[in-house]
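Read the structure below first, then the notes.
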Amino acid sequence: MNFFKRCKNGILHIEEISLNTIAKLIGTPCYVYSKNAIINQFIIYQQALKNYPHIICYAIKTNSNLAILNMLSKLGSGFDIVSGGELERVLMAGCDPSKIVFSGVAKRADEIIQALNVNIKCFNVESCSELQRINNIAKSIGKTAKISIRVNPNIDPKTHPYISTGLKDNKFGIPIKQAPLIYAYAKTLNFIKIIGINCHIGSQITNFSPILNTIDHLIELISILKNKQNIKIQHINLGGGLGVDYFNLYPPPIKLYIKKILNKLNNKETVNIPLIIEPGRSIAADAGILLTRIEYIKINEKKKFAIIDAGMNDIIRPSLYNAWQNIDQVDIRIHNDKGFIRKKAYYDIVGPICESSDFVGKSRLLSITEGDYLAIRSAGAYGFVMASNYNTRIRPSEIMVEENEIYLIRKKELLKKLLYYEQF
Ligand SMILES: *Cc1c(COP(=O)(O)O)cnc(C)c1O
């Protein structure tokens with residue numbers, strides 16, 4: 001089987017090398033990404049925005065492998081980071097600090113210093129206390145911090161509750177009604193420079209209305225700031241959130257999504273104010289798969305299980321959000337080794353972890369046998385980055401495919417190194 005058979009929200013891209021070859025060469029489980037698929041997605045965003053001042057700040061928490069950051073940086077991408085560790089990463093990958101925006105509700109003092117020292121583009125500030133902290137730190141090291149206020153518009157992005165962020169009961173941002181007050185306060189702080197306004201209402205959004213409603217609220221706020229408080233907003237950051245088609249979800253195509261956003265911004269209060277977006281999932285998800293091998297088939301009274309060599313420590317989305325990942329057989333063989341026709345049956349695809357929530361798919365119709373390889377699709381985003389060492393399992397390697405070449409972008413972890421941190 002070839003690498004990609006579909007990538008609905010982008011350009012179909014078929015890599016030449018077979019997954020079977022990769023599995024045999026590298027071993028399983030391993031994450032496999034298509035360089036061209038990632039680049040294609042990024043370029044669709046770039047093309048859609050080419051006539052409007054903008055920065056695309058890829059949200060690196062989605063997939064932060066250095067090779068991917070380096071690749072996107074070369075295409076002109078900026079980056080949305082959420083920790084000092086992520087700042088180290090983007091700098092190491094050769095990214096331009098003037099295109100880095102820093103999000104997150106709990107920025108520590110040392111992280112703020114780190115970011116001020118390299119002159120990042122903007123802190124996306126999420127509370128009044130954070131604003132004060134940034135001002136104090138900037139003062140103490142003789143810097144000025146450029147900021148935007150992350151507002152919470154109380155809009156339901158109609159996604160999974162764990163990944164909605166723009167509702168009243170979420171911890172993110174500042175309620176939009178309080179925003180004029182916070183901006184007024186920010187204006188009085190000597191080491192703060194207000195440059196933008198920001199929001200991110202959630203992830204895996206599959207229709208237009210939440211983001212368009214959000215923009216209406218932002219326009220209203222920008223107008224209040226300009227006309228009543230003499231604060232001029234120099235960029236609008238709409239965050240990320242566009243969904244991908246895990247299964248029968250049909251999110252808007254990137255091009256149309258951006259077009260509708262730009263149409264909304266074409267308004268007397270906002271026209272030509274530079275736009276920042278922070279896409280993550282829509283760039284990386286469909287560009288990656290998790291390749292795994294069936295260790296055992298187990299049949300009990302009620303169910304058939306395919307027990308694979310990847311578990312919830314390698315890919316947690318199904319266990320965490322009950323998320324759907326398509327699962328394909330790498331080799332579709334009609335006959336088994338004895339020459340009999342293989343029968344299709346419904347299997348629960350489960351991992352080796354000692355938890356009943358350790359599954360990647362339930363009731364999947366497959367004609368499989370022990371030793372077969374499976375491709376868990378749309379695993380390029382929130383896949384490897386959420387992997388853990390639970391059950392003292394080493395995290396899988398990561399492979400990049402480019403046309404008919406493959407290269408290792410993360411080595412398989414060493415068990416020795418895991419144990420190195422512990423002592424008695
Ligand atoms: C996670 C996150 C993103 C990216 O979201 P996607 O749904 O992956 O596009 C962007 N901005 C912020 C602040 C985030 O937390």
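The values are calculated or read from the model by the stated rules, or taken from the named source; none is laboratory data. Keep in mind it's a predicted model, so treat the numbers as computed, not measured. All Cβ positions, even for glycine, are placed from backbone atoms using ideal geometry, and neighbour counts span all protein chains on display.
Results, tabulated for the structure shown:
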quantity	calculated
Sole exception among (1) within 16 Å of the ligand (Cβ to nearest atom); (2) modelled with pLDDT of 95 or more for residue 365, by number	(1)
Single condition residue 130 does not satisfy, out of (1) acidic (Asp, Glu); (2) modelled with pLDDT under 95; (3) within 15 Å of the ligand (Cβ to nearest atom)	(2)
Residue match in the range 175-197 (condition: assigned to a loop (DSSP other than H, G, I, E, B) and within 16 Å of the ligand (Cβ to nearest atom))	no
Residue satisfying condition, being under 30 Å from residue 249 (Cβ atoms), in the same structural domain as residue 226 (by TED's automatic domain parsing), more than 15 Å from the ligand (Cβ to nearest atom) and modelled with pLDDT under 95, within set 154, 170, 207	154
Any hit, the range 263-284, residues being within 16 Å of the ligand (Cβ to nearest atom), closer than 30 Å to residue 198 by Cα, among the hydroxyl-bearing types (Ser, Thr, Tyr) and in contact with a helix residue (DSSP H, G or I) (Cβ under 7 Å, 6 or more places away or on another chain)	yes
Test for residue 218: is it assigned to a helix (DSSP H, G or I), buried (at least 23 other Cβ atoms within 10 Å of the Cβ) and touching a residue at least 40 places away in the same chain (Cβ under 8 Å)	yes
Test: residue in the range 42-65 that is assigned to a helix (DSSP H, G or I), within 29 Å of residue 394 (Cα to Cα) and of a type in the set (Gly, Ala, Ser)	no
Boolean, residue 287 is within 15 Å of the ligand (Cβ to nearest atom) and either among the small types (Gly, Ala, Ser) or touching a strand residue (DSSP E or B) at 6+ places or on another chain (Cβ under 6 Å) (or both)	yes
